[in-house]
1. If a residue has to be open to solvent by 20 Å² or more (accessible area, probe 1.4 Å), closer than 13 Å to Val114 by Cβ and out of contact with any strand residue (DSSP E or B) (no Cβ under 6 Å at 6 or more places or on another chain) to count, how many in the range 33-86 make the cut?
2. Here are the criteria: (1) open to solvent by 10 Å² or more (accessible area, probe 1.4 Å); (2) part of a strand (DSSP E or B). Tell me which single one Tyr21 does not satisfy.
3. Can you name the number of the only condition in (1) among the basic types (Lys, Arg); (2) in a helix (DSSP H, G or I); (3) touching a residue at least 12 places away in the same chain (Cβ under 8 Å) that Lys48 fails?
4. Is one or more of the residues making up the range 120-127 of a type in the set (Lys, Arg) and open to solvent by less than 20 Å² (accessible area, probe 1.4 Å)?
5. Among the residues of the range 55-68, are any under 15 Å from Arg13 (Cβ atoms) and at pLDDT below 95?
6. Looking at the structure I just gave you, is Ala42 more than 17 Å from Ile132 (Cβ to Cβ) and modelled with pLDDT of 95 or more?
Amino acid sequence: MKDPTQNSNSSKRHENAYAVYQKKDSVLYITFKKQAVLNFDAAKKVVKDRMNFQAYAWYSVICDVSGLASITYDARQYLSTDGSNMLTVVALVSDNTTIYTMGRCYLLYNHPTVPTRIFKNQQEAEKYINQITKKP
């Protein structure tokens, strides 16, 4: 995924062992690191850091999951429910065919509590977020 905050001096950034978090306008971009392995405790850390980073304000999220090596059932369940707290909409992104397919299974079996879709590129994800969040 390209750097969403490129050429933006006002953007903020946070990083932990699992992901990089960046804000641009009213969208939070999360990019999981290469070969990241998420179990329940790691998922809780990702969400805790996200909540702190977004200062407990509601955000739309574009989440690049291409780097994930694996994610446990408990982590998926947590992220699709309590882990989605303070999110208005989620767009998952993966240009990796296997991870993209796993993302589709996540949507089918874990039933995220906020509107969530998966895309093959960031541009499609941004278009989706803009359509969902645009004001009438």
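The values are calculated or read from the model by the stated rules, or taken from the named source; none is laboratory data. Remember, it's a predicted structure, so these values are computed and weren't measured experimentally. Here the Cβ positions follow ideal geometry from the backbone for every residue, glycine too, while neighbour counts run over all protein chains shown. Ligands, DNA and RNA are excluded from the accessible area calculation, which covers all protein heavy atoms including side chains. Shrake-Rupley method; radii C 1.70, N 1.55, O 1.52, S 1.80 Å.
1. Matching residues across the range 33-86 total 5.
2. Only one criterion is unmet by Tyr21, namely (1).
3. Exception for Lys48: condition (3).
4. The answer is no; no qualifying residue exists.
5. There is at least one residue in the range 55-68 that is under 15 Å from Arg13 (Cβ atoms) and at pLDDT below 95.
6. Judged against the criteria, Ala42 is a match.
Yes/no per residue for (1) free of Cβ contacts under 8 Å to residues at least 60 places away in the same chain; (2) not in a loop (DSSP other than H, G, I, E, B):
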position: Cys63; (1), (2): yes, yes
position: Ala69; (1), (2): yes, yes
position: Arg76; (1), (2): yes, yes
position: Thr88; (1), (2): yes, yes
position: Tyr100; (1), (2): yes, yes
position: Arg104; (1), (2): yes, yes
position: Pro112; (1), (2): yes, no
position: Ala125; (1), (2): no, yes
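A quick yes/no check of all residues on (1) closer than 21 Å to Gln122 by Cα; (2) touching a helix residue (DSSP H, G or I) at 6+ places or on another chain (Cβ under 9 Å); (3) not hydroxyl-bearing (Ser, Thr, Tyr):
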site	(1), (2), (3)
His14	yes, yes, yes
Ala17	no, yes, yes
Ile30	yes, yes, yes
Gln54	yes, no, yes
Ser60	yes, yes, no
Met86	no, yes, yes
Met102	yes, no, yes
